């Protein structure tokens, strides 16, 4: 049986079209790193809101379980800061976040301040390089 180049090309294009269509409907995850600069005296309140945000986002199935980490550090002036890394199940979620998430974001913004020419809440998309354990 002889297979023509035309048949192979049509089959290949059909497979690519099927794959592209399947991916178009699939969510595309987005991993973000958020740095929070709490106002002096609001460190614990902000830590509590960050923890509630994660719990609500998980309950609403907006994030994937890993990677997720929340860290606390201190800058050269002794001011606390927090860093959270999380992955949205779909990159479109933050643009159409549900009301409970929006309310937590409002609380976060009320507890942070800009510092060293950086916003109080600094969000950046990142890529996870290390494998999950």
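The values are calculated or read from the model by the stated rules, or taken from the named source; none is laboratory data. None of these values were measured; they are calculated from a predicted model. Heads up, the Cβs are rebuilt from the backbone with ideal geometry, glycines too, and the neighbour counts pull from every protein chain shown.
Every residue in region 45-92 that is touching a residue at least 40 places away in the same chain (Cβ under 8 Å) and part of a strand (DSSP E or B), please. Full working, then the answer.
Residues of region 45-92 that are touching a residue at least 40 places away in the same chain (Cβ under 8 Å), as a first pass: 45-46, 49-50, 52-53, 56-57, 60, 66-67, 75, 79-92.
Selection gives 80, 81, 82, 83, 84, 85, 86, 87, 88.
Just give me the residues in region 114-133 being surrounded by 11 or more Cβ atoms within 10 Å (Cβ to Cβ), out of contact with any helix residue (DSSP H, G or I) (no Cβ under 8 Å at 6 or more places or on another chain) and assigned to a loop (DSSP other than H, G, I, E, B), in sequence order. 114, 119, 126, 128 - these are the residues of region 114-133 that are surrounded by 11 or more Cβ atoms within 10 Å (Cβ to Cβ), out of contact with any helix residue (DSSP H, G or I) (no Cβ under 8 Å at 6 or more places or on another chain) and assigned to a loop (DSSP other than H, G, I, E, B). Residues in region 105-118 that are over 15 Å from the mean Cα position of the chain (by Cα) and modelled with pLDDT of 95 or more: 106, 107, 108, 109, 110, 111, 112, 113, 114.
Would you confirm, using the coordinates I've provided, whether residue 111 is farther than 21 Å from residue 31 by Cβ and surrounded by 15 or more Cβ atoms within 10 Å (Cβ to Cβ)? For residue 111, the condition - farther than 21 Å from residue 31 by Cβ and surrounded by 15 or more Cβ atoms within 10 Å (Cβ to Cβ) - is met.
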